[in-house]
Amino acid sequence: MPNHREEQADEPTDVPRLEELESPPGNPLSSPPQNGSMSHLMELQNCVSNLSLAHEIVVNQDFRFKSSSPPKDSLEGRVAEMVHRAFWDVLREQLESSPPDHRQAVPLLREVKTMLLSLLLPAHVGLRAQLDRVLDLELIQQQVDHGALDLQRLASFIASTMAGLCAPVRDPEIRALRLLTDPVDLFREVLRVLELMKKDMVNFTLLSLRPHLAQQAVPYERAKFQELLRREPGSLDHTTSWLQRAAQEQRAALPPGPPGSDPGGRGALSPSAVLNRAYMGLLHWDPQDQRYPETVLMDRDRLDTLGHRVDLLALQAAVLLLTSAQCGGAVLSLPGFVGKLKQTTAALLEGSQAR
């Protein structure tokens with residue numbers, strides 16, 4: 001999130017200042033302007049999506065890409081299932097004909113080769129050359145035309161290549177794949193496992209790049225928010241109000257100046273103190289208040305969860321204090337009493353909405 005403070009000599013010049021953000025009411029992030037063109041809205045949505053994805057990758061250490069498929073009972077899921085079943089039924093019919101017809105196997109092998117190549121690293125020069133040699137699509141097409149394609153040999157090569165590229169977690173699936181003798185079932189399983197291997201590769205790359213992404217997170221998010229401000233001047237109105245309110249509360253909490261000074265004078269505001277007060281306010285944010293700061297909107301669920309935990313801890317502390325006041329220190333000093341009381345209180349408050 002950009003640092004909204006008075007501009008200093010060593011501060012980036014593209015950081016917006018609160019007093020300079022004069023924009024019309026409204027929040028384009030939650031209600032896009034009706035007069036905007038479709039391309040403008042798509043560019044804005046793309047900017048927000050990229051920012052949200054990059055932020056989640058850096059902040060959430062458990063972030064992983066998962067295979068997504070439509071629900072089977074949905075229209076999209078039923079259509080996809082029908083198309084896949086039709087493809088495999090045609091392939092089975094062709095392979096079981098006499099003589100076998102391998103025309104449908106050519107696009108299938110092309111897809112398998114593309115997926116295998118996508119899993120290779122730059123250092124896999126020899127394996128890449130071997131893939132190009134064994135899965136030579138022009139040669140395979142010629143073999144199909146002359147009825148000389150050895151599909152079982154290609155399937156064995158593909159399974160061996162996958163075994164050398166997959167993560168250890170996929171070893172059981174590779175072993176099960178090698179036990180299949182039906183070519184249709186074999187290639188259906190090959191495609192499924194290859195999709196899992198692609199996901200594993202993406203997550204491994206993500207894990208390797210996360211430290212570098214974390215180093216670039218602040219300038220990247222600052223640039224993206226600056227782009228949002230350029231496209232929609234009112235896109236950070238709620239953030240402006242949030243920080244201004246925290247600054248006012250912090251100024252009011254400062255001790256008065258020394259004797260003889262201006263009666264209304266206060267000490268200088270600390271940007272860190274203002275931010276601390278602003279973030280503490282998020283922990284007790286009214287769920288009905290829709291003016292949530294745009295710059296922390298991506299973390300709202302995490303902050304709401306943290307605020308709920310703070311409320312529960314406060315309730316537990318209150319129970320312990322009341323118990324101490326009513327029963328005295330002798331009870332609290334009993335072995336295991338405090339831990340048991342905390343555990344019981346947490347169980348009673350589990351699932352409650354403290355706010």
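The values are calculated or read from the model by the stated rules, or taken from the named source; none is laboratory data. Bear in mind that the values here come from a model prediction, so they are computed numbers and not experimental data. Cβ atoms come from the backbone with ideal geometry, glycine included; neighbour counts cover every protein chain shown.
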**Residue check for residue 345: of a type in the set (S, T, N, Q) and either under 30 Å from residue 225 (Cα atoms) or within 41 Å of the chain's Cα centre (by Cα) (or both)** = yes
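Before we move on, is residue 156 within 34 Å of the chain's Cα centre (by Cα), surrounded by fewer than 16 Cβ atoms within 10 Å (Cβ to Cβ) and small (Gly, Ala, Ser)? Spell out how you get there, then give the answer.
Values: within 34 Å of the chain's Cα centre (by Cα): no; surrounded by fewer than 16 Cβ atoms within 10 Å (Cβ to Cβ): yes; small (Gly, Ala, Ser): yes.
The answer is no for residue 156.
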**Asked** Name the pairs whose Cβ atoms lie under 8 Å apart, with the first residue in the range 270-298 and farther than 14 Å from residue 246 by Cβ, the second surrounded by 18 or more Cβ atoms within 10 Å (Cβ to Cβ) and hydroxyl-bearing (Ser, Thr, Tyr), and 6 or more positions between them or separate chains?
**Response** 294/235; 294/239
**Asked** When residue 186 is evaluated against the numbered criteria (1) under 28 Å from residue 90 (Cα atoms); (2) touching a Lys or Arg at 6+ places or on another chain (Cβ under 6 Å), which criterion, by number, is the only one it fails?
**Response** (2)
**Among (1) surrounded by 10 or more Cβ atoms within 10 Å (Cβ to Cβ); (2) modelled with pLDDT of 85 or more - the single one residue 78 does not satisfy** = (2)
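Suppose the filter is exposed (fewer than 15 other Cβ atoms within 10 Å of the Cβ) and modelled with pLDDT of 85 or more; does residue 45 pass it? Break it down into steps so the answer makes sense when it comes.
Details: exposed (fewer than 15 other Cβ atoms within 10 Å of the Cβ): yes; modelled with pLDDT of 85 or more: no.
Spelling it out, it is not the case that residue 45 is exposed (fewer than 15 other Cβ atoms within 10 Å of the Cβ) and modelled with pLDDT of 85 or more.
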**Message:** Please go through (1) hydrophobic (A, V, I, L, M, F, W, C); (2) surrounded by 10 or more Cβ atoms within 10 Å (Cβ to Cβ); (3) over 27 Å from the mean Cα position of the chain (by Cα); (4) under 24 Å from residue 198 (Cβ atoms) for residue 123 and return the number of the only condition it doesn't satisfy.
**Reply:** (2)
